[in-house]
Structures are given as structure tokens and as C-alpha cells.
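Computed from the coordinates by the stated procedures, all read-outs in this text should not be read as laboratory data. Nothing here was measured: the structure is a model prediction, and the numbers come from that model. A quick note on method: Cβ atoms are made from the backbone with ideal geometry, for glycine too, and the neighbour counts reach across all protein chains shown.
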Amino acid sequence: MVNITDKIKDKLARLRAQLLEPGPGSGGGTGAGFDVSKSGDARIALVGFPSVGKSTFLSKVTKTKSEAASYSFTTLTAIPGVLEYGGAEIQLLDLPGIIEGASEGKGRGRQVISAAKTSDLILMVLDATKRAEQRALLEAELEAVGIRLNRSPPCV
């Protein structure tokens, strides 16, 4: 038996996903909400699928309160926070969840990945029950746009 609350959450997640999709002829959107000024000594992008704990992690390690809920696509823009560690200020970016096809623009994936590219480090946040599958998919999406994880830049 399906609970009405679950139906509403599913509908809300679908509507939020539609908000993330660029409209026909829009050219992929403007990137509004993803242009965050770089601050501090380093920048770390929190990258992962929807509802894996990126916002919760940001809220726990910084003074930033990033909204977290039990439905997908709660985070729609880049949310910055600052972590102070060993005298250094490290900017963390809570990015919207990446979905399969993000490298092709699905779910505003290009904007999310572009924001990640501006970072000094990409921290993949994974669901512990699906970590191998999610890691492989995230690595494939990032590789598709030229982000090489754990590899030296090519000799040019």
C-alpha cells in the first residue's frame, strides 16, 4: 500500500527534476546559482548523486545550513560553506546531485560539473549501499568532460 506522503514526495522530486532540465532551445541554461566566488585557501566540491548526504555533510562540518530532506533534488544551486582547519580556510561547495547523463547536460549536469571544475579537489559523496556502482558512474560522467581523477595531467 502506497502512503500519500510518499506519493507527494515522489511528485515533488519529479517536479524538481523538471526544474533542473533546460527547456527546449534554451542552450543549456544560464548557470544561475552556480557562479560562486572562490574564497579561502582551497575549494572542495562535494559531488554525488541526489540524496547521498552532501548537504548534511556540509552542514555538519561548516556553520552553513544547507537544506537536507528525504527527497531528491533538495539542493538546486551551489551552496558554499567554509571549513576552518589548521589555520586554513577551505571553501566547500554543496552541489546539486549529478544524475546519469550529466555530462550531456541532463539535470543541469553541465553547470554542476563546471562548478566542480573550478575546485582544487573533488570529494565524491556516495551512498554506502551503492558505492561501487555510484563511483563508476560518477567517474564516467567526470571523465566524459575531461576531469581526470587520480591521474596526472597529460604531457603537452
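Quick notes
- Estimated distance in nm for a label pair at residue 82 and residue 150, the labels positioned 7 Å out from Cα along Cα-to-Cβ: 3.3
- Summarising the strand pairing of the range 38-144, around 45 percent of its internal DSSP beta bridges are antiparallel.
- Per-pair calculated FRET efficiency, R0 = 25 Å: residue 42 and residue 114 via Cβ, rounded to 0.05: 0.85
- Computed over the range 38-144, Cα set: Rg, Dmax in Å: 13.1, 39
- Unsatisfied cross-links (Cα-Cα over 26 Å) in the set 9/130; 38/65; 60/117; 60/106; 11/63: 60/106; 11/63
- Measuring r between the beta carbons of residue 60 and residue 100 and using R0 = 35 Å, the FRET efficiency lands at 0.80.
- Listed from fewest to most Cβ neighbours within 10 Å, the set 39, 103, 114 follows the order 39, 114, 103.
- Karplus-derived 3J(HN,Hα), 6.51/-1.76/1.60, for each residue of the range 90-101, Hz, glycine and proline x: 10, 7, 10, 10, 7, 9, x, x, 8, 10, 4, x
- Residue-span extension gain [residue 6 to residue 136] - 0.36 nm each, minus C-alpha spacing: 43.9 nm
- For 135, 108, the sequence from fewest to most other C-beta atoms within 10 Å is 135, 108.
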